Amino acid sequence: VPDAKRLTLAPNQPVRFRPDDAQRLKQMILNRPITRGDIIQIMTPGGGLQLMATHVSPGKFGKITPETDIDLSNEPAKKENVTIPNVTYEDIGGLSKELVKIRETIELPMKSPELFKRLGITPPKGVLLHGPPGTGKTLIAKAVANESGATFKVINGPEIMSKFYGESEQKLRETFEDAEKNAPTIIFIDELDSIAPKRAEVTGEVERRVVAQMLALMDGLAGRGQVIVIGATNRVDDIDEALRRPGRFDREIELGVPDQKGRLEILQIHTRAMPVDESVDLEKLAAVTHGFVGADLSALTREAAMQALRRALPHVDPETGDIPADVLTNLFVIKEDFDAAINDVFPSALRAFYVEKPNVKWEDVGGLAKVKSQLIEAVEAPIKRPEVFQEMGIRAPKGVLLFGPPGTGKTMLAKAVATESDANFISVRGPEIFNKYVGESEKAIREVFNKARQTAPCVLFFDEIDAIMGARGMNDDSGVSQRIVNQFLAEIDGMKSLQNVLVIGATNRADILDPAVLRPGRFDAVVFVPPPDKPARVEIFKVHTKKMPLEKDVNFDVLAEMTDGYTGADIEGVCREAAMTAVRDDWKVKPVSMSHFELALEETRPSLSPKDIERFAAIAESVKKRLPRESKLLPGYV
């Protein structure tokens, strides 16, 4: 047991100590090992008195020697003064690189201050952890506090705010003063953006005063290296810039969404005390949980365990709650439990957007054989076989533009790409990006790209992309369109990497897109999705009737001949109307006959007239002429 250099004791009730009490108490506990939180019982003339060890330095415990300094506090011990989180580095998965940075920034100055003194540098005062919710910001702060033996004080941002003048600042001052007394201390400020927003953007005087108080407190930290502030936020760009400079929050560390290896580590941590059956393959589970953060994976394992528990419920005695020993012994979490859980637990990072894991496969898209093969080459292969592209020195495409008449299957193709690539799918409609407030439209573009990066592999689908990517200088809208185009180009050009993120744009009017969008490195492949020809219409009829009971007289070749000019969406409508015609008389299930299809065709009309088809063919030709030589219009649809 190491020798304790300093011990602080606080009573369980208010008391006034005499100057010589500390020396007398030292003699009573000499050579005794003391751990922070220990209770020492002593007898006084007024009865028994309990003293709590609120601080032991260095480390979490030490042996009392004649050289140990004893401090006696007159104030009663507060339980939070001795908070030591029960979290270790073994409880953290998927953050090995970030953990190294945090340990060298926080733990090293606390344990080895002489290194910094020798090098003539001052230890950091603060570390700012930022990233999506559930990535482990609070967990990592608790682990560092525990492993370094520091007191852990928590400030929940919203709770510190008060409507009474000066009370918020007083709470902050008290926390920092208490931290100095009980050093080494880690002050953890959760939701930092709620108490330290940009002063230029807030209207309330309270927020401005709190930010000013935070700046003064961090500048005034005396025990450099022994009191460190860790701030956590999901919205790092909303924090006042003055806090983000060196000397305050010296280091900013992003905790991102874990990759497949990180997810496997997290799953192994959360299942280490769980009776997991051999049928459960954690590596496969890690491979299919794209976009899941640590908190999501914890929820997933908990839900899987609940599925196993529900299987055991019928064996539980309803009166006593007893469960047979053999049932308990044979209770394991099996593969089917995780399969059920993954359908109920969704990545928290995706909840702010319309995100889905599509279930559209290539066989669900009728016709378009050439388009499919080119999309497999341009999209699916880079996501599924990235090592081939890496070893061949080929850059995977960043974007694919699908254009053609309405209803020809552009959205279906994008969903099929996501499904077959095992990727997440974020869908954004062009007009929804627009916002009347300056800067909000560009912010929406940034946010959607950030979400795609966090949930990679991801297909980011912009429907009606012409609404936001129109040629600059053509609209009189105070420059909004120009700023949106500029922001989009900046994101896709990649100040931040777009690895495993594919942007798919869909439009009916590729001819009005800004020319800069069509150059290589942005939309590398431009695909014309034509109206279906006769063989394609036959396939589309088969796709939409595969679950439909049909009479033997239904002839798809004849129906395809009758539906010249119909798009895939039109043919889906024909099939639906035919089925409704069959059941409309008595609402009983019956086979759909050729006559029902003929009646349905009388009720429906094709979306495209011959003139429309000619117009879209002309648009395809004009787009082809506008493309740079390096780009390609994928094959022969005009």
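The values are calculated or read from the model by the stated rules, or taken from the named source; none is laboratory data. Source: prediction; values computed, not measured. So basically every Cβ, Gly included, is an ideal-geometry build from the backbone, and we count neighbours across all protein chains shown.
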Tell me which of these Val379 doesn't satisfy, since it passes every other one: (1) in contact with a Ser or Thr (Cβ under 8 Å, 6 or more places away or on another chain); (2) within 22 Å of Ser607 (Cβ to Cβ). (2)
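Residue by residue, here is whether (1) more than 30 Å from Ser96 (Cα to Cα); (2) surrounded by fewer than 18 Cβ atoms within 10 Å (Cβ to Cβ); (3) at pLDDT 80 or above; (4) assigned by TED's automatic domain parsing to the domain that holds Ile465 holds:
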{"site": "Gly291", "(1), (2), (3), (4)": "no, no, no, no"}
{"site": "Asp296", "(1), (2), (3), (4)": "no, no, yes, no"}
{"site": "Ala341", "(1), (2), (3), (4)": "no, no, yes, no"}
{"site": "Gln390", "(1), (2), (3), (4)": "no, yes, no, yes"}
Restricting region 131-165 to residues that are farther than 23 Å from Val293 by Cα, assigned to a loop (DSSP other than H, G, I, E, B) and touching a helix residue (DSSP H, G or I) at 6+ places or on another chain (Cβ under 9 Å), the one modelled with the highest pLDDT turns out to be Ala150
Log entry, pairs with first residue in region 447-468 being surrounded by 24 or more Cβ atoms within 10 Å (Cβ to Cβ), second being hydroxyl-bearing (Ser, Thr, Tyr) and not in a loop (DSSP other than H, G, I, E, B), beta carbons closer than 7 Å, six or more apart or on different chains, reads Phe461/Ser427; Ile465/Thr507
Only one of these is of a type in the set (Ser, Thr, Tyr) and closer than 16 Å to Ile189 by Cα: Thr289, Thr233, Thr271, Thr301. Name it. Thr233
Can you tell me which residue among Asp339, Asp317 is outside any helix (DSSP H, G or I) and either on the phi < 0 side of the Ramachandran plot or over 27 Å from the mean Cα position of the chain (by Cα) (or both)? Asp317
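Tell me, which residue of region 585-618 that is in a loop (DSSP other than H, G, I, E, B) and aliphatic (A, V, I, L, M) is surrounded by the fewest Cβ atoms within 10 Å (Cβ to Cβ)?
Quick first cut of region 585-618, residues in a loop (DSSP other than H, G, I, E, B) only: 585-591, 593, 604-609.
Next, only the ones that are aliphatic (A, V, I, L, M) stay: 589, 608.
Numbers: Val589: 8, Leu608: 20.
Top of the filtered list is Val589.
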Within the bounds of region 426-438, is there any residue that is of a type in the set (S, T, N, Q), outside any loop (DSSP other than H, G, I, E, B), at pLDDT 80 or above and surrounded by fewer than 23 Cβ atoms within 10 Å (Cβ to Cβ)? yes
Could you tell me whether any residue of region 532-539 is crowded, with 21+ Cβ neighbours inside 10 Å, assigned to a loop (DSSP other than H, G, I, E, B) and touching a residue at least 60 places away in the same chain (Cβ under 8 Å)? yes
Just to be sure before I move on: is Asp564 in a loop (DSSP other than H, G, I, E, B), touching a helix residue (DSSP H, G or I) at 6+ places or on another chain (Cβ under 7 Å), among the acidic types (Asp, Glu) and touching a residue at least 24 places away in the same chain (Cβ under 8 Å) in the structure I sent? no
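If I filter region 542-559 for residues that are crowded, with 16+ Cβ neighbours inside 10 Å and farther than 30 Å from Asp612 by Cα, do I get at least one hit?
Residues of region 542-559 that are crowded, with 16+ Cβ neighbours inside 10 Å, as a first pass: 543-545, 550, 554, 556, 559.
Retained after the next criterion (residues that are farther than 30 Å from Asp612 by Cα): 550.
Checked region 542-559: at least one residue is crowded, with 16+ Cβ neighbours inside 10 Å and farther than 30 Å from Asp612 by Cα.
Taking helices (runs of 4 or more DSSP H) that do not extend beyond region 166-252, which have at least 3 residues that are without any contact (Cβ under 8 Å) to a residue 40 or more places away in the chain and not assigned by TED's automatic domain parsing to the domain that holds Pro58? Break it down into steps so the answer makes sense when it comes.
Details: elements: 167-181, 192-195, 205-219.
Ranges flagged: 167-181, 205-219.
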Closer than 22 Å to Leu513 by Cβ and either assigned to a loop (DSSP other than H, G, I, E, B) or not polar (S, T, N, Q) (or both): which single residue out of Pro406, Pro382 fits that description? Pro406
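Scanning for something under 21 Å from Lys101 (Cβ atoms) and at pLDDT below 90, does region 267-278 turn up at least one residue? Reasoning before the result, please.
Narrowing region 267-278 to residues under 21 Å from Lys101 (Cβ atoms): 269.
Restricting the remaining residues to those that are at pLDDT below 90 gives none.
So far as region 267-278 goes, no, none of its residues is under 21 Å from Lys101 (Cβ atoms) and at pLDDT below 90.
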Which members of region 320-336 meet the condition of being part of a helix (DSSP H, G or I) and acidic (Asp, Glu)? Asp326, Glu336
